[in-house]
Amino acid sequence: MAQLFEVHPDNPQPRFLRQCAQMLQAGGIGAVPTDSSYAFVCHLNDKAAAEALRRVRGVDEKHHLTLLCRDLSELATYAMVDNRQYRLLKLATPGAYTFILPATKEVPRRLSHPSRRTIGLRVPEHRVIQDLLAQFGEPLLSTTLIPPGDSEPLNDAAEVCERLDRQLQFVLDAGACPAQPTTVLDLSQGDEPVLVRQGRGDLAALGLQLG
């Protein structure tokens, strides 16, 4: 049964975030608000938790999971980027964008795309998840909170609890967040970014016009 933590969106209570971080360290799965809908999160290096994350989301190993990072310095540990890509990342972070990048050896092979050795990475702009990442001390493995059979992400903590109560260890409630996923850009295909999904992140803000 999921534990519900009600936190202030701009000044979340550290004791609640510490409890959530401890649950993640113990292999739990949580639902957290971001700047682009709720997301499932778990420990990056916990194989059983990652498998449970895929089950609750209803996706297989070909679905790109995403690493939520605090900043670009952390992101660079897990992905290989050139100077041009880094400039784009710096412009887009923190924000509602996910970037598919070549994974470094720091990323367990079971988490990267099985044929392409790529990983999704993003730096969210939301105080609650940023503070949780600081409490946890390393990136979190994540995926958009879209229940199996649904096409749209959930953005209300009460509905998350009602529908997924027995599959999660905790839900962080900081009020409703945007009901729109991130914009996904693939930077692993060559010189130009490839638009995988148009979401909340504005391409024009990055100087991009992609079809």
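The values are calculated or read from the model by the stated rules, or taken from the named source; none is laboratory data. Please read these numbers as outputs of a predicted model, since none were measured by experiment. Here the Cβ positions follow ideal geometry from the backbone for every residue, glycine too, while neighbour counts run over all protein chains shown.
Quick one: how many residues across region 65-80 are crowded, with 19+ Cβ neighbours inside 10 Å, part of a loop (DSSP other than H, G, I, E, B) and in contact with a strand residue (DSSP E or B) (Cβ under 9 Å, 6 or more places away or on another chain)?
Result for region 65-80: 2.
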For this session: Check whether at least one residue in region 79-93 is at pLDDT below 95 and within 18 Å of ALA157 (Cα to Cα), and report yes or no.
Result: no
Problem set entry | Hits in region 14-65 - residues which are farther than 25 Å from ASP150 by Cα and in contact with a Lys or Arg (Cβ under 7 Å, 6 or more places away or on another chain) | LYS47
For this session: Scan region 132-156 for residues that are touching a Leu at 6+ places or on another chain (Cβ under 7 Å) and buried (at least 19 other Cβ atoms within 10 Å of the Cβ) and jot them down.
Result: LEU132, LEU133, PHE136, PRO139, LEU140, LEU141, SER142, THR143, LEU145, PRO153, LEU154
Exercise. Before we move on, is GLU51 more than 22 Å from ASN155 (Cα to Cα), free of Cβ contacts under 8 Å to residues at least 12 places away in the same chain, surrounded by fewer than 19 Cβ atoms within 10 Å (Cβ to Cβ) and not hydroxyl-bearing (Ser, Thr, Tyr)?
Worked result: yes
Problem set entry | Within region 91-145, strands (runs of 3 or more DSSP E) holding 2 or more residues that are farther than 13 Å from ALA39 by Cα and touching a residue at least 40 places away in the same chain (Cβ under 8 Å) | 97-102, 118-122
Problem set entry | Unmet criterion (only one of (1) at pLDDT 90 or above; (2) under 15 Å from HIS63 (Cα atoms)) for ARG110 | (1)
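Among the candidates ASP173, ASP202, single out the residue that is farther than 23 Å from ALA50 by Cβ, surrounded by 15 or more Cβ atoms within 10 Å (Cβ to Cβ), acidic (Asp, Glu) and touching a residue at least 12 places away in the same chain (Cβ under 8 Å).
Numbers: ASP202 fails: surrounded by 15 or more Cβ atoms within 10 Å (Cβ to Cβ).
The match here is ASP173.
Okay, residues lined up against (1) among the aromatic types (Phe, Trp, Tyr); (2) in contact with a Ser or Thr (Cβ under 6 Å, 6 or more places away or on another chain); (3) under 25 Å from ASP173 (Cβ atoms):
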{"position": "THR66", "(1), (2), (3)": "no, yes, yes"}
{"position": "SER73", "(1), (2), (3)": "no, no, no"}
{"position": "LEU88", "(1), (2), (3)": "no, no, no"}
{"position": "PRO94", "(1), (2), (3)": "no, no, yes"}
{"position": "LEU121", "(1), (2), (3)": "no, no, no"}
{"position": "HIS126", "(1), (2), (3)": "no, yes, yes"}
{"position": "GLN130", "(1), (2), (3)": "no, no, yes"}
{"position": "PHE136", "(1), (2), (3)": "yes, no, yes"}
{"position": "SER142", "(1), (2), (3)": "no, yes, yes"}
For this session: Six or more apart or on different chains, Cβ under 6 Å: which pairs go from a residue in region 1-24 that's touching a residue at least 60 places away in the same chain (Cβ under 8 Å) and more than 15 Å from ALA174 (Cα to Cα) to one that's of a type in the set (D, E, K, R) and surrounded by fewer than 21 Cβ atoms within 10 Å (Cβ to Cβ)? Could you list them?
Result: MET1/ASP165; ALA2/ASP165
Problem set entry | Test: residue in region 5-19 that is touching a His at 6+ places or on another chain (Cβ under 7 Å) and not in a loop (DSSP other than H, G, I, E, B) | no
